[in-house]
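Take a look at the structure set out below.
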Amino acid sequence: MLAGLLVKVVFSDALAHWATPVFSHPEDFTLAGRWSGALAFYGQIYFDFAGYSLIAIGVGQTLGYLLPSNFNVPYAAFSVTDFWRRWHISLSSWLRDYLFIPLGGNRAHHVRNLMITMMLGGLWHGASWNFLAWGTLHGLALCVHKLWTTTCGEGLALWSASARWKQCSANAAAWLVTQGFVLLCWIPFRSPGWQQTLSFFTTAAPVAALSMPQRLPLTWLWLVLPLVTDGWLQSRPRPAMPRASARPSWILGAAYGVLFLLVLSLGTWDSKSFIYFQF
């Protein structure tokens, strides 16, 4: 629960001060400022939802239930298909089991089934063109990745296996394309409406446009934290059931107390609700 509180009020809410002004009035910012706001939201939504999920898992443990992880390092995914195996696992599993497979799954009309599933997954977040566009883009990307792996996957695997630098280059390119696409899709997801989404890409910046929101106590370091913290919090092996620690209880209590004081001192306490409370 403390880990979830940390990533919510310290990381997510701080990045919200960067992302919110950019998406509310994209016309007030330069192109670089708009994309930095998108990058801030890329981190904000992960920290917000990961914090929500970690708190829920902690509450479940206090009641004797071990809830499954809802994330598995999604910002380290090397493909869109892999991303959806790692992001919002509870929703993606539900969409697979109750929409994709009943529609026919991979047995017949794979592209149609995948597109319907992802479009409905987008509309699950809200009946707006923005969410429909977000789901449709991810559906198209999943279909393209399926086609790519079918036609070029084996040849690329043979090429990259011949030298280590080739494998590293292929992995780096795959990660950049995947995460760049995810970042691009977060723009319609976050924008208040379709007009703001179009303004983000089309409106020319005025002479007095800002490169970042004013009075912002953040640096670019905050924008690499999603991947770093994701790996630290989510990739650790979890036992089937929590085991009692061998350390004395007073040491654990003191450590948790210090962590809680750090959260209180570093957190942004201005009553920001969880993003996914609206869905």
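Descriptive notes on the structure:
- Counted residues, the stretch 68-87 - those being more than 17 Å from HIS138 (Cβ to Cβ) and in a loop (DSSP other than H, G, I, E, B): 5
- Leading residue by the ranking (surrounded by the most Cβ atoms within 10 Å (Cβ to Cβ)) among those in the stretch 180-193 that are under 19 Å from ILE275 (Cα atoms) and among the hydrophobic types (A, V, I, L, M, F, W, C): ILE187
- Pairs linking a residue in the stretch 104-124 that is of a type in the set (D, E, K, R) to a residue that is surrounded by 15 or more Cβ atoms within 10 Å (Cβ to Cβ) and part of a helix (DSSP H, G or I), with Cβ atoms under 8 Å and 6 or more positions apart or on different chains, are ARG112/LEU103.
- Any hit, the stretch 154-172, residues being among the hydrophobic types (A, V, I, L, M, F, W, C), within 28 Å of the chain's Cα centre (by Cα) and either modelled with pLDDT of 90 or more or closer than 30 Å to LEU123 by Cα (or both): yes
- For the stretch 239-275, the set of residues classified as surrounded by 12 or more Cβ atoms within 10 Å (Cβ to Cβ) and either assigned to a loop (DSSP other than H, G, I, E, B) or at pLDDT below 75 (or both) consists of GLY267, THR268, LYS272, PHE274, listed by residue number.
- ASN70 touching a helix residue (DSSP H, G or I) at 6+ places or on another chain (Cβ under 6 Å), surrounded by 16 or more Cβ atoms within 10 Å (Cβ to Cβ) and without any contact (Cβ under 8 Å) to a residue 24 or more places away in the chain: yes
- Checking SER53, SER90, SER128 one by one, the residue that is in contact (Cβ under 8 Å) with a residue 12 or more places away in the chain, among the polar types (S, T, N, Q), crowded, with 20+ Cβ neighbours inside 10 Å and more than 29 Å from ALA170 (Cα to Cα) is SER53 and no other.
- GLY64 passes every criterion in (1) without any contact (Cβ under 8 Å) to a residue 40 or more places away in the chain; (2) in a helix (DSSP H, G or I) apart from (2).
- Residue match in the stretch 158-179 (condition: in contact with a Lys or Arg (Cβ under 9 Å, 6 or more places away or on another chain), aromatic (Phe, Trp, Tyr), without any contact (Cβ under 8 Å) to a residue 12 or more places away in the chain and surrounded by fewer than 17 Cβ atoms within 10 Å (Cβ to Cβ)): yes
The values are calculated or read from the model by the stated rules, or taken from the named source; none is laboratory data. Since the model is a prediction, treat every value here as computed from it, not as a measurement. All Cβ positions, even for glycine, are placed from backbone atoms using ideal geometry, and neighbour counts span all protein chains on display.
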